[in-house]
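> Just dropping this structure here.
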Amino acid sequence: MAAKTAKPAKKTKTAKAKPAAKPKKTVKAKPAAKAKPVKITAKEFEKALAIGRPPNIKKLFPNSKALIVSGKVIDRALLAKGQAMTIAANGRNYLVIRGALKAAQRANAALIIEIAKSEGGASSYCATNYWNMARRVDQAMNELGITVPVAVHADHYGIKGPKDVETARVEIPSMFEAGITSIAIDASHLPDAENLLASIELNRYVPKWAGLETEVGEIKGKEGLSTVPEALFLIQGLNAHGIFPDWIALNNGTAHGIQTSEQGIQVELTAEIHEALKPYVVSGAQHGTSGNDSDRLRRIAKETLTTKANVATALQMITWGVKVNDYGNAELDKKGDFLKLPDSGVSQELWAEMVAYADQQGWKGGNYKKLNLPFENKIMSQPKKIRDRSEKAVADFIYGLLTKVFNAKDTAPLGVKAILKAGSYNLGPKAKRIEKKAQWTEKTIRAKGAVLTPDKGPKGDFDD
């Protein structure tokens, strides 16, 4: 530099030129320090157990040591950690439930066990149902010494018309009497206005303390994708009536059951809809998680407001011993049949019987799910060594999701802290009413819904 030879500058009102500052050492940005896991004392757990279990759970299981909680607790735990979601494991059979609980305990993660209406409703294809799921979960938690908070969720309680609304008036209360602590009122099969009106009508049967999920757009893969206007219409209308869902599920590109890797979650669309819904403080529920690779699921956890991720088909296949890939899809042999691993899941003899039964019924591919009900007892009658390896395979798979993909590790204490902070099983809503009820009457809802022109996709049965 020539600064040493230059004549000194004349004094003026302006500040003198200062010598160039010595360049600072370059400091590489450090990754954000990992927060130390919150620890819960035995005394705090006992208090959470005393105040955190909803009234229906206390009544059903007065002497239980299982911390079965509202879905709200699980959502708040994942939000407290940030960029995290937990598994909502569809307990199609008892071994899935046990494996999921073991994985959550090992990961110290808040957990949801669920069953959908098609799986466990009045006409279902699984032995686990809306009316025995809480008992199965409570029994397993006490036997296995599970201390993480667990919600028991009635997923996809489908409403497809007025008859379903009438049935729901009886069924929904009976489900909560049987121990359900969270529910998804899914009227997404209906036009947008009818979806909203049915959701408003049936909300009176859902306890205020319970977890609540709503849905816009049927899960149809890449067809009939949800839109920002549709999602806003549903959430704004609910908000106007003092209804504040914990989660919203979208058709954001996935399908139920077995999928191909070319399909999958549209992360950008999901993030766009979640951003639009931010004033209404609603988290995302990701359906159709099987069929998406780990990298895509990590993006959903990191880039969207999703806290709940449903996994069903992959867990069912794993308990049977069918080989699944990173997408959670069952792998096929050269003949196009499911690839059964000889030393995993059910015995080779029972698997042969299951395949023969499916062939008799004409069941292929995704319809293998219908084997759950007729073979539950036969699966449970297998030797302990076989049952244990099925549980372990499920636990290992879920543990990997919770810790390496979903970022759910150590969220269990955050759920307990949420209970202790609230001093109650009822955490209350996350949102406040910001819409005017007078602007969301039945008449105005129908008028607003009529101008929405979403692509609903192909017609058909997309339940799983």
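The values are calculated or read from the model by the stated rules, or taken from the named source; none is laboratory data. Here the structure is a predicted model, which is why all the values come from computation and not from measurement. FYI the Cβ positions are ideal-geometry reconstructions off the backbone, even for glycines, and counts take in every protein chain you see.
> Quick check on my filter: what residues within the stretch 290-300 are crowded, with 23+ Cβ neighbours inside 10 Å and either more than 22 Å from E114 (Cβ to Cβ) or touching a residue at least 60 places away in the same chain (Cβ under 8 Å) (or both)? Please lay out each step first, then the result.
So the first thing to find is which residues in the stretch 290-300 are crowded, with 23+ Cβ neighbours inside 10 Å, and the list is 290-292, 297, 300.
L297, I300, listed by residue number.
> Here's a follow-up. Could you please let me know if A107 is of a type in the set (A, V, I, L, M), surrounded by 24 or more Cβ atoms within 10 Å (Cβ to Cβ) and modelled with pLDDT of 70 or more?
Working: of a type in the set (A, V, I, L, M): yes; surrounded by 24 or more Cβ atoms within 10 Å (Cβ to Cβ): yes; modelled with pLDDT of 70 or more: yes.
For A107, the condition - of a type in the set (A, V, I, L, M), surrounded by 24 or more Cβ atoms within 10 Å (Cβ to Cβ) and modelled with pLDDT of 70 or more - is met.
> Looking at (1) among the β-branched types (V, I, T); (2) in contact with an Asp or Glu (Cβ under 8 Å, 6 or more places away or on another chain); (3) in contact (Cβ under 8 Å) with a residue 40 or more places away in the chain, can you tell me which one V267 breaks?
Among (1) among the β-branched types (V, I, T); (2) in contact with an Asp or Glu (Cβ under 8 Å, 6 or more places away or on another chain); (3) in contact (Cβ under 8 Å) with a residue 40 or more places away in the chain, V267 violates only (3).
> With the checklist (1) surrounded by fewer than 24 Cβ atoms within 10 Å (Cβ to Cβ); (2) outside any helix (DSSP H, G or I); (3) within 16 Å of the chain's Cα centre (by Cα) in hand, flag the one item H189 doesn't pass.
Unmet for H189, out of (1) surrounded by fewer than 24 Cβ atoms within 10 Å (Cβ to Cβ); (2) outside any helix (DSSP H, G or I); (3) within 16 Å of the chain's Cα centre (by Cα): (3).
> Another question, if that's okay. Give me the pairs, please: first residue somewhere in the stretch 378-390 and closer than 20 Å to L315 by Cβ, second residue anywhere and among the polar types (S, T, N, Q) and assigned to a helix (DSSP H, G or I), beta-carbon distance under 7 Å, and either six or more positions apart or on two chains.
These pairs meet every condition: S390/T319.
> Output the residue which, of all residues in the stretch 329-354 that are within 32 Å of the chain's Cα centre (by Cα) and over 22 Å from K385 (Cα atoms), is modelled with the highest pLDDT. Lay out the reasoning, then the answer.
Start the filter on the stretch 329-354 by keeping residues that are within 32 Å of the chain's Cα centre (by Cα), which leaves 329-333, 336-347, 350-351, 354.
Now drop any that are not over 22 Å from K385 (Cα atoms), which leaves 329-333, 336-338.
Working: N329: 83, A330: 87, E331: 88, L332: 86, D333: 87, G336: 85, D337: 91, F338: 94.
The extreme case among them is F338.
> Something else: I need the full set of residues from the stretch 54-92 which are among the hydroxyl-bearing types (S, T, Y) and within 16 Å of A134 (Cβ to Cβ), in order please. Please lay out each step first, then the result.
Taking the stretch 54-92 as the starting set, the residues that turn out to be among the hydroxyl-bearing types (S, T, Y) are 64, 70, 86.
Those that are among the hydroxyl-bearing types (S, T, Y) and within 16 Å of A134 (Cβ to Cβ): S64, S70.
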